[in-house]
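Please read the structure below before turning to the comments.
The values are calculated or read from the model by the stated rules, or taken from the named source; none is laboratory data. Keep in mind that this is a model prediction, so the values were computed, not measured. We place every Cβ from the backbone using ideal geometry, glycine too, and count neighbours over all the protein chains shown. Quick note on the areas: whole protein, heavy atoms, side chains included, nothing else; ligands and nucleic acids left out. Shrake-Rupley method; radii C 1.70, N 1.55, O 1.52, S 1.80 Å.
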Amino acid sequence: MSDPILSLRDLKLGFKTYEGLVEVLHGISLRIGRGEKVALVGESGSGKSVTARIILGLLQELKAARISGAIHFDGADLEKLSRRERQALRGTRMSMIFQDPTSSLNPVFPIHVQFHEVLRRMDRNLTQKQGMQRAISLLTDVSIPEPERVLQAYAFQLSGGMNQRVMIAMALANEPSLLIADEPGTALDVTVQAQTLHLMRDLVVRKGTSVLFISHNLGVVREFADRVYVIYKGRIVEHGPTDTLFSKPLHPYTKALMAAVPRITGGGIPDIAENSEAFLDPMIDHEVEVPA
Amino acid sequence: MSPVVQLLAKRLSISVIVLIGVSMLIFAIARIIPGDPARIALGPNATAEQVVQLRDKLHLDDSIIVQYANFVSDFARGDLGISLYTNRPVTTDIAQFLPATLELVFVAGLFMIGFGIPLGILSARHRGKAADNVVRVLSLLGVSAPSFVWAVILMLLFAFFLPIFPIAGQISDTLTVPPRMTGFLLFDCLLAGDLRAFADAAHHIVLPAFALSLSGIGQAARLTRANMIETYDKPYIEMARSYGFPEQRIARRYAFRPSLIPSLTIIGLDFAAMLGNAFLVEAVYAWPGLSRYGVQVILRKDLNAIVGTVLVISATFLVVNIIVDLLIAFINPRIRYAERSRP
């Protein structure tokens, strides 16, 4: 296997509080190959989003955060980088898509200003005109009709789906090697979410971008990801190729998570235990036990 | 019509209605309070006949509606009547005293914006640290004491115990005052090219303007801090960080502008409050503004002068508010576009 674009080894995160250290991540190991789309699935509070923010180097800025373990991005040890060097990676070689596109775009600047700012991360001397042209072609890539008009607009004037396309175009504008999508489009309609996800998948496949896809939505994950990590209470409980994991879930928590999805064919809201000792069973790795 | 022009037109027409309302109210109130203006003006030694004569001259025995109609028709000709206190046209009096007050309030407004907003930003960026705590205590102090108290305290501290600033007045007696052109002394000094007089006048205005602006500074700092902290929690700030924009730039550009919108509204209101507070600060610093005139005419029940003074202050208040509204529309696209989309 070629060297991965991202690898986390035994990543631990704690927060210093008045009552001592509260551990949130208890040693997470995860790897994303080049061009691979990997999903991190779990319920809210399981540690998905903090993992993303550690990879981006955002949590390191928090004084109360205690982070240990190894994070390698494109061969470099992130923990050995300075604040400035980590910041230089963001928006250029890694970028992120957020849950709610409309509130993630700044309300007082039109789209083109924000686009320009993003493009300038790669090219400090980018002129207004060049930026505009790049932005137009990027918006065309995400199937936005009349990109010139959209660029002049403010986020509050556009629909959620339109903003989501803008976000995707922005996130991929500088051709990052890693895209982190933190529950993308959860705030959108299911249909719009599906459209924009398709679009995103096509684009990352075409550009060969690696993706860390964070979600609690198993249906979406199955469509999108090559491999899946299931996270529960700050631990990876099961990991494997998407097909294997979905056809043969082994860990009790994964089974419960899958049972929790309401079926369109009826059967009511599934009744699952809120907590179970079995959920904390040791990790099951399909790649070790079921070699491909 | 461009949305800004539309907004301006709307605010102006509302202002006219407000001014009409204010004029009716103050016209009535000035006449309802007890005391005979003619008797007060003529003094205790005047005969009853003289009083009747003056009442007649002033049309005080007409019905209040007729009086108001007369006032409106005079006002339309730019005539606010004669002051019984100075025996001059009220417009002349106001033209003489208003500029000094406006100058004081304007400088105080600059202090409020120039100190209040940066302190709020500083406080928000160093939330929970020493700088934040110092700013918070100071701004609370500024907000909690009225400006005439600050006027006295500052005068004692920085003009009496530590004579850094002149104790009172608008300019030193030893200097020849430059010819009156605009009535705004600082401006007149500059127009006359008299830098020494300008420096002296500027030296004089610091303490009263600072005393007047302290509660505004505190208010602006507290609000800016609260808004900045709230803005920092918004997803678009996290997005800006995730794109690696420098923290400085995020603060200056991405967090500051949305945070400024609520602060500006309050700053506009504070500006108006300062117009009222200026009366007391002017009294403390013997500032030759509208206050002495205003207090005198109210005590003497000088009807024309009361109505004129109140109207001018209301008009100033309205103008400041229109400016603030336009600024907010400029900063906040949502308002700009909301105006446009209305039928």
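Quantify, in whole percent, the carbon and sulfur part of the accessible surface of the stretch A:141-292 (1.4 Å probe; protein heavy atoms only).
On the way: 3760 of 7020 Å².
Whole-percent figure for carbon plus sulfur exposure: 54.
Within the stretch B:36-144, which trypsin sites (Lys or Arg not before Pro) sit in a loop by DSSP and count at most 16 neighbouring Cβ atoms inside 10 Å? All intermediate terms of the calculation are to be shown ahead of the outcome.
Values: sites: B:Arg39, B:Arg55, B:Lys57, B:Arg77, B:Arg125, B:Arg127, B:Lys129, B:Arg136; in loops: B:Arg77, B:Arg127, B:Lys129.
When the trypsin sites (Lys or Arg not before Pro) of the stretch B:36-144 are filtered for loop state and at most 16 Cβ neighbours within 10 Å, B:Arg77, B:Arg127, B:Lys129 remain.
Could you size up the charge dipole of the stretch A:6-285 around its Cα centre, putting +1 on the beta carbon of Lys and Arg and -1 on that of Asp and Glu, and report it in debye to the nearest 20?
Values: 33 positive and 30 negative charges, 180 e Å.
For the stretch A:6-285, the charge dipole is close to 860 debye.
Considering only C-alpha atoms, what is the centroid distance from the stretch B:193-215 to the stretch B:222-240, in Å?
Taking the Cα centre of each part, the stretch B:193-215 and the stretch B:222-240 sit 35 Å apart.
Check cross-link reach from B:Lys234 to the aspartates and glutamates: straight Cα distance under 19 Å, and skip same-chain residues fewer than eight apart.
A:Glu61, A:Asp100, A:Glu117, A:Asp182, A:Glu183, B:Glu247
Most fluctuating residue of B:Val297, B:Val18, B:Val137 in a GNM of chain B with Cα springs under 10 Å: which is it?
Highest fluctuation among the options: B:Val137.
Checking buried surface per residue: for the stretch B:226-246, which residues lose a minimum of 10 Å² accessible area in the protein assembly relative to the chain alone (1.4 Å probe)?
Output list: B:Pro235, B:Tyr236, B:Glu238, B:Met239, B:Arg241, B:Ser242, B:Tyr243, B:Gly244, B:Phe245, B:Pro246.
Can you give me the Cα centroid spacing of the stretch A:155-206 and the stretch B:127-166 in angstrom?
For the stretch A:155-206 versus the stretch B:127-166, the Cα centre distance is 52 Å.
If you take the charge dipole of chain B about its Cα centre, with +1 on Lys and Arg Cβ and -1 on Asp and Glu Cβ, which of B:Leu318, B:Leu8, B:Ala272 is farthest toward its positive end?
The residue sitting most towards the positive pole is B:Leu8.
Among the lysines, select those whose C-alpha is under 29 Å from the C-alpha of B:Lys57, and discard any that sit fewer than 8 residues away in the same chain.
Reachable lysines: B:Lys301.
So what does the Cα-only Debye profile of chain B read at q = 0.09, 0.14 Å⁻¹, as log10 I(q)/I(0), no solvent term?
Calculated log10 I(q)/I(0) at the listed q: -0.63, -1.22.
Lysines within cross-link reach of A:Lys37: Cα-Cα under 28 Å, excluding same-chain residues under 8 positions apart?
A:Lys12, A:Lys48, A:Lys80, A:Lys207, A:Lys233, A:Lys248, A:Lys255
Considering the dipole of chain A built from charges on the beta carbon (Lys and Arg +1, Asp and Glu -1) around the Cα centre, which of A:Gln164, A:Leu119, A:Ala52 is farthest to its positive end?
A:Leu119
Tell me the total accessible area that B and A bury against each other, 1.4 angstrom probe, in square angstrom rounded to 100.
Working: alone 18620 and 14590 Å², together 30780 Å².
Interface area, both chains combined: 2400 Å², rounded to the nearest 100.
Considering only B:Gly276, B:Gly289, B:Gly218, give the residue with the highest GNM mean-square fluctuation for chain B, with springs between Cα atoms whenever their separation is below 10 Å.
B:Gly276
Can you run the Rg to Rh ratio on the stretch B:45-171? Use alpha carbon positions and the Kirkwood inverse-distance Rh. If you can, show how the numbers build up before the last one.
Values: Rg = 24.3 Å, Rh = 19.9 Å.
That ratio is 1.22, to two decimals.
For the protein assembly as shown, what is the percent of antiparallel DSSP beta bridges, rounded to the nearest 5?
On the way: 27 of 48 bridges.
In the protein assembly as shown, DSSP labels about 55 percent of beta bridges as antiparallel.
How many Å² of accessible area per residue for the protein assembly as shown, probe 1.4 Å?
Numbers: 30780 Å² over 635 residues.
On a per-residue basis, 48 Å².
For peptide A:91-104, compute the average count of partner chain beta-carbon atoms within 10 Å of each residue's beta-carbon.
The per-residue average across the peptide is 3.
Using the crude model of +1 on Lys and Arg Cβ and -1 on Asp and Glu Cβ, and no other charge, please compute the dipole size for the protein assembly as shown relative to its Cα centre, in debye to 20. If you can, show how the numbers build up before the last one.
Working: 62 positive and 56 negative charges, 167 e Å.
Roughly 800 debye, rounded to the nearest 20.
May I ask for the Rg/Rh ratio of the protein assembly as shown, computed from Cα atoms with Rh as the Kirkwood radius, given to two decimals?
Values: Rg = 34.2 Å, Rh = 29.9 Å.
My calculation of the ratio gives 1.14.
Per the 1.4 Å probe, what fraction of the accessible area of chain B, in percent, lies on carbon and sulfur atoms?
Values: 11920 of 17380 Å².
Whole-percent figure for carbon plus sulfur exposure: 69.
Using a Gaussian network for chain A with springs between C-alpha atoms less than 10 Å apart, which of these wobbles most: A:Asn217, A:Asn125, A:Asn163?
Answer for the Gaussian network model of chain A: A:Asn125.
Binning at 10 Å from 0, report for chain A what percent of all alpha-carbon pair distances ends up in each bin.
Pairs per bin, as whole percents: 6, 26, 33, 24, 9, 1.
Count the DSSP beta bridges whose two residues both fall in the stretch A:6-285, then state the antiparallel fraction as a percent rounded to the nearest 5. Intermediate results must be reported in sequence, preceding the final value.
Working: 26 of 47 bridges.
So the antiparallel bridges in the stretch A:6-285 amount to around 55 percent.
Along the charge dipole of the stretch A:185-261, which of A:Ser210, A:Ile231, A:Leu197 sits closest to the positive end, that is, farthest toward it, with unit charges on the beta carbon of Lys, Arg, Asp and Glu (+1, +1, -1, -1)?
A:Ile231
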